[in-house]
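A.B. asks: One structure is given below, represented as structure tokens, and several questions about it will come after.
The values are calculated or read from the model by the stated rules, or taken from the named source; none is laboratory data. Owing to the predicted nature of the structure, the values given are computational and were not obtained by experimental measurement. FYI the Cβ positions are ideal-geometry reconstructions off the backbone, even for glycines, and counts take in every protein chain you see.
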Amino acid sequence: MKILVLCNDYWHPAWVPREGLMGLEISKFSFDWIENAHEWSPERMAAYPVVILTKSNNVSATDQTGWMTEAGQAAFADYVRKGKGLVAIHSGTAGYEQMPVLRGLLGGVFTHHPDQCQVTVHPRAGHPLSSGCDPFTLKDEHYFMALEDSRADVFLTTKSEYGEQPGAWIRTDGAGRVAVLTPGHNVEVWLHPSFQTLLRNTLRWCGKIS
């Protein structure tokens, strides 16, 4: 499965997801990359069964101009509702508080985080998307989330000295599927075996691979 990855913003350099997803290329996934949002278009996105959004509302790492427009939000919603998959990872939930269509599509967005700290990731026992994953603790940005879809299926929580938060959830919209994973500021998180398994499971679910 070929997946489109939107990444690279002022706070989150592209090399982190690039390195973090490299190991999944042996799992029948391959990735195309957009680091500058001006290269994105609905037509280009439509060619892929799944899109990873791990990019805040910045055009690029050197241009903090917002890139998400009303038309862009509508394109993402249409993409999912027609049967495609969207995976928002970490910064893919940030900077979109004032984007009601995308916010609704994700089921919730990032609100704030404390200074980086030790964050424990707790996969939900028995959930198919957390299958093969064990709890782990690493230094990360502990994302605090406004989860607004009461029907979202939370399969992971994150906990630090600052409290506990929903760390991952899935939802459906029309014929498509949406997943949100909030950990992942540091590459060590992406490369942890349990997070690699979470990524693999989530991409398979969003891509409707049994």
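A.B. asks: Applying the selection to the range 78-110, what residues are part of a helix (DSSP H, G or I) and either touching a Cys at 6+ places or on another chain (Cβ under 7 Å) or surrounded by 19 or more Cβ atoms within 10 Å (Cβ to Cβ) (or both)?
C.D. replies: Keep residues of the range 78-110 that are part of a helix (DSSP H, G or I), which gives 78-81, 90-93, 100-106.
Listed by number, the residues that qualify are Tyr79, Val80, His90, Ser91, Gly92, Thr93, Leu102, Leu105, Leu106.
A.B. asks: Out of Glu25, Glu35, Glu19, report the one residue that is touching a helix residue (DSSP H, G or I) at 6+ places or on another chain (Cβ under 6 Å) and of a type in the set (Asp, Glu). Break it down stepwise before answering.
C.D. replies: Working: Glu25 fails: touching a helix residue (DSSP H, G or I) at 6+ places or on another chain (Cβ under 6 Å); Glu35 fails: touching a helix residue (DSSP H, G or I) at 6+ places or on another chain (Cβ under 6 Å).
From the options Glu25, Glu35, Glu19, the qualifying one is Glu19.
A.B. asks: Do we have any residue at all in the range 47-64 that's buried (at least 19 other Cβ atoms within 10 Å of the Cβ), at pLDDT 95 or above, farther than 23 Å from Trp11 by Cβ and touching a strand residue (DSSP E or B) at 6+ places or on another chain (Cβ under 8 Å)?
C.D. replies: Within the range 47-64, the subset buried (at least 19 other Cβ atoms within 10 Å of the Cβ) is 48, 50-60.
Keeping just the survivors that are at pLDDT 95 or above gives 48, 50-60.
Then drop every residue that is not farther than 23 Å from Trp11 by Cβ, which leaves 48, 50.
Checking which are touching a strand residue (DSSP E or B) at 6+ places or on another chain (Cβ under 8 Å) leaves us with 48, 50.
Taking every residue of the range 47-64 in turn, at least one turns out to be buried (at least 19 other Cβ atoms within 10 Å of the Cβ), at pLDDT 95 or above, farther than 23 Å from Trp11 by Cβ and touching a strand residue (DSSP E or B) at 6+ places or on another chain (Cβ under 8 Å).
A.B. asks: Let me ask something else about it. Among (1) under 21 Å from Arg200 (Cβ atoms); (2) of a type in the set (D, E, K, R); (3) surrounded by 13 or more Cβ atoms within 10 Å (Cβ to Cβ); (4) out of contact with any Leu (no Cβ under 9 Å at 6 or more places or on another chain), which single condition is Arg124 missing?
C.D. replies: Of everything listed in (1) under 21 Å from Arg200 (Cβ atoms); (2) of a type in the set (D, E, K, R); (3) surrounded by 13 or more Cβ atoms within 10 Å (Cβ to Cβ); (4) out of contact with any Leu (no Cβ under 9 Å at 6 or more places or on another chain), Arg124 misses just condition (4).
Conditions (1) in contact with a helix residue (DSSP H, G or I) (Cβ under 7 Å, 6 or more places away or on another chain); (2) of a type in the set (S, T, N, Q), marked per residue:
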site	(1), (2)
Phe76	yes, no
Val80	yes, no
Ala94	no, no
Leu106	yes, no
Pro114	no, no
Thr120	no, yes
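A.B. asks: Anything in the range 57-73 that is under 12 Å from Leu102 (Cβ atoms) and in contact (Cβ under 8 Å) with a residue 40 or more places away in the chain? List them, or say none.
C.D. replies: Of everything in the range 57-73, just one residue is under 12 Å from Leu102 (Cβ atoms) and in contact (Cβ under 8 Å) with a residue 40 or more places away in the chain, namely Asn57.
A.B. asks: Got a sec? Which of Leu199, Leu203, Leu191, Leu156 is surrounded by fewer than 19 Cβ atoms within 10 Å (Cβ to Cβ) and either farther than 12 Å from Thr120 by Cα or of a type outside the set (D, E, K, R) (or both)?
C.D. replies: Numbers: Leu199 fails: surrounded by fewer than 19 Cβ atoms within 10 Å (Cβ to Cβ); Leu203 fails: surrounded by fewer than 19 Cβ atoms within 10 Å (Cβ to Cβ); Leu156 fails: surrounded by fewer than 19 Cβ atoms within 10 Å (Cβ to Cβ).
When all the criteria are applied, what remains is Leu191.
A.B. asks: While we're here: With modelled with pLDDT under 95 and of a type outside the set (A, V, I, L, M, F, W, C) as the only criterion, which of Ser210, Ser194 stands out?
C.D. replies: Sole residue among the options that is modelled with pLDDT under 95 and of a type outside the set (A, V, I, L, M, F, W, C): Ser210.
A.B. asks: Then there is this: For the range 161-179, which positions are surrounded by 13 or more Cβ atoms within 10 Å (Cβ to Cβ) and over 30 Å from Gln118 (Cβ atoms)?
C.D. replies: Matches in the range 161-179: Thr172, Asp173, Gly174, Gly176, Arg177.
A.B. asks: Give me a count of the residues in the range 166-188 that are in contact (Cβ under 8 Å) with a residue 60 or more places away in the chain and either of a type in the set (A, V, I, L, M) or assigned to a helix (DSSP H, G or I) (or both).
C.D. replies: To start, the set of residues in the range 166-188 that are in contact (Cβ under 8 Å) with a residue 60 or more places away in the chain comprises 169, 171, 173-187.
Subsequent filtering for residues that are either of a type in the set (A, V, I, L, M) or assigned to a helix (DSSP H, G or I) (or both) retains 175, 178-181, 187.
The number of residues fulfilling the criteria is 6.
A.B. asks: So which residues in the range 111-131 are among the hydroxyl-bearing types (Ser, Thr, Tyr) and not in a helix (DSSP H, G or I), if there are any at all?
C.D. replies: Of the range 111-131, the ones among the hydroxyl-bearing types (Ser, Thr, Tyr) are 111, 120, 130-131.
Passing the criteria: Thr111, Thr120, Ser131.
A.B. asks: Could you tell me whether Lys208 is farther than 30 Å from Ser30 by Cβ, over 15 Å from the mean Cα position of the chain (by Cα), surrounded by 15 or more Cβ atoms within 10 Å (Cβ to Cβ) and basic (Lys, Arg)?
C.D. replies: Here the answer is no, as Lys208 does not meet what is asked.
A.B. asks: Look at the range 1-23 and say how many of its residues are in a helix (DSSP H, G or I) and more than 22 Å from Leu106 (Cβ to Cβ).
C.D. replies: At the first step, the residues of the range 1-23 found to be in a helix (DSSP H, G or I) are 15-23.
Those still in the list that are more than 22 Å from Leu106 (Cβ to Cβ) too: 15, 18-19, 22-23.
Qualifying residue count, the range 1-23: 5.
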